Structures are given as C-alpha cells and as structure tokens.
C-alpha cells in the first residue's frame, strides 16, 4: 500500500501535520514551559485578563499568558475552564500562576443560571465553548477593565499599545487579520453583493450578518458595526460594554434570521465584533499585533504579538520555534 492510499485509512487528525499537531502536539511542543518559574500577578488590579482554556491547550496557555505577564504583571488572571480541564491541569496552573482565579465550568454554569436566568442566553452560551469568552468575563469579574486573550498567542515584546489602557481605560480595542487566501472566505462589507453559497460550503454567520447589517440596525434601532478582519483572540473593553439585555435582543433577532448558525463556530467572534466595533473600538496596528498567515509569516519575529490561528498554526513551524524562544527567555530572564 502506497502512502497516498494509506492516508485514506488514517483518522482525519493524522492526515496532515497541522491537524495532527493541533490535536496531539501540545504536550510535546510546549512541555518545557513546565520548567519555568511561577509568575506573581495582582488579584487586586483594575484590569483582569481572561482566557477560556481546554485541557489539550493548557501548556500553550501557560506559554501565552507568561509571555504577556513578563511585560504586564499588574493584572488579575482568570482561567475559565471550558469543561475539559482536569484536576492535574488546575494544579499545574496554580503552581505557575498562584494568584490566578480558576473558574470551574460547573460553577460558571450555575452562576449564569442564577444571575441571568434567561433560557435562550443559556442555550447560546452552552452551544459551543468560545461563547464563554463573550459571556463569562462580565459574569465573573468585578474589575473595571476586561482583557480577553486566546491560548494560541505569543507576546514577543512589550505590548505597549495597551499599557496605558490597562491603567486608565478608554475605548475598546482589538487586533485584526490582514487579507489572505481565498477572498471568498472573508466576510463582505455591508451592502456588497455576494455570490450564492454552494451546497458543500454553507455561508458563515459573520458573512450573513455583515451582508444584512444595515437592515439589522434599522430593525433593532442599534448602531452595530463590523470591521473586516476583526479577531476576538486579543481584545479589551471596560466592564459593562457587554450587556446581557442587549445581547438577548441581538441574538434573538439573529436567530430569527439565521437559525442555528448562531450556535456554530465563529458566532462568538461575530458578536464580539458587532458590540465592540459598534462602540468605536480601535484596531491595534497589524504590523505589530498580527494574525499569523502564510502571507505575513516572515514578519512574525519582529512583531510584539502573534496570534497563530488554526489554519496557519504550524506554518513554517514558527509557532513552536518562537514559543521555544519565549520559554528560554522565561527560564533565563536576566539574559538580553
């Protein structure tokens, strides 16, 4: 049997390097982070940094958050269990981030039911785990400012663009991707024409919303907006920006228009984008706060922040290489 034929007998996750590493590589590629010293944070800080963390990315998360905290230690850290964290994972997090608050999924579910008590919003929140990023920082934190960061990021240099904001607050902010690949994958601008989707490739919720955004705002009497390239993997806003009553109105309306698509991958990012861009959020400069793709990977080592999204997560193997550099610096902080 040749290798091409053998591929048909392998599970999908083993048919190419990227999905296999996404599924199995975390424990190998980031295990050296376990040898770095613990990091002190400030539970009383006015800014809290939140991440939804699954079991399989716990080491990548520790690498990401420590890469941030070496520059910005004066924050409170919240680790939101997506429901898959094991007790040994929580013990590892406590060992490395002794002041962090770990938010158990069962506790968060009970708190949301008790405080919010809306069956529709509860259904949305439980539909897929990224929605924890939208609902739970506001639910759990009492801090004036909220930062959300994904597990698949690295801070290579001081994120100076958000330093003043973390102390003083202000308008929301976000990072965004530059155009790449097939333009059909990108959401169109409001009012633009779009080709009908194929039966094999359903239209993404973000694209559907952007196409009808003017109509949605007219019907709701709102001023939502969406900037192409918006990414919710690193965002910041003041507490109260995400309001459950407004989310109920928006999500209920979108459910009437698009049905179960609001429960699928990408919907959380779309909702975050509508809320933040609608409130005048500013975009971090893409040259320094970048979403890693096949087109801009050569610039990754010069950026302050890099988000290694799934499609290009292991392109040129830069993610583990740069993570190794960060881990080495964490182990030897006195070195230049």
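Over the chain, DSSP H runs of length four or greater, each weighted -39,500 (n - 2.57), average out per residue to a 222 nm ellipticity of -11000 deg cm²/dmol. Between segment 284-336 and segment 126-151, what is the C-alpha centre distance in whole Å? Comparing the Cα centres of segment 284-336 and segment 126-151, I get a distance of 24 Å.
Applying 0.36 nm per residue to the separation of residue 120 and residue 286 and subtracting their alpha-carbon distance, the gain on full extension is 56.1 nm. Taking packing as the residue-averaged number of other Cβ atoms within 10 angstrom, the listed peptides 214-223, 127-136 run from highest to lowest as 127-136, 214-223.
Stretching the chain fully between residue 110 and residue 311 yields a gain of 68.9 nm (0.36 nm per residue, less the alpha carbon separation). Where both residues lie in the chain, what percent of DSSP beta bridges are antiparallel, nearest 5? Here the share of antiparallel DSSP bridges comes out near 40 percent. Summary of packing: across the peptides 68-77, 107-116, 264-273, the per-residue average of other C-beta atoms within 10 Å ranks them, highest first, as 264-273, 68-77, 107-116.
Taking a point 7 Å from the Cα of residue 219 along the Cα-to-Cβ direction, the residues of segment 236-271 with backbone N closer than 16 Å to it are 247-263.
Throughout, read-outs are computed from the coordinates displayed, never taken from laboratory work. Predicted, not measured: the structure shown is a model, and the values here were computed from it. Ideal geometry is used to build each Cβ from the backbone, glycine not excepted, and the neighbour counts take in all protein chains shown.
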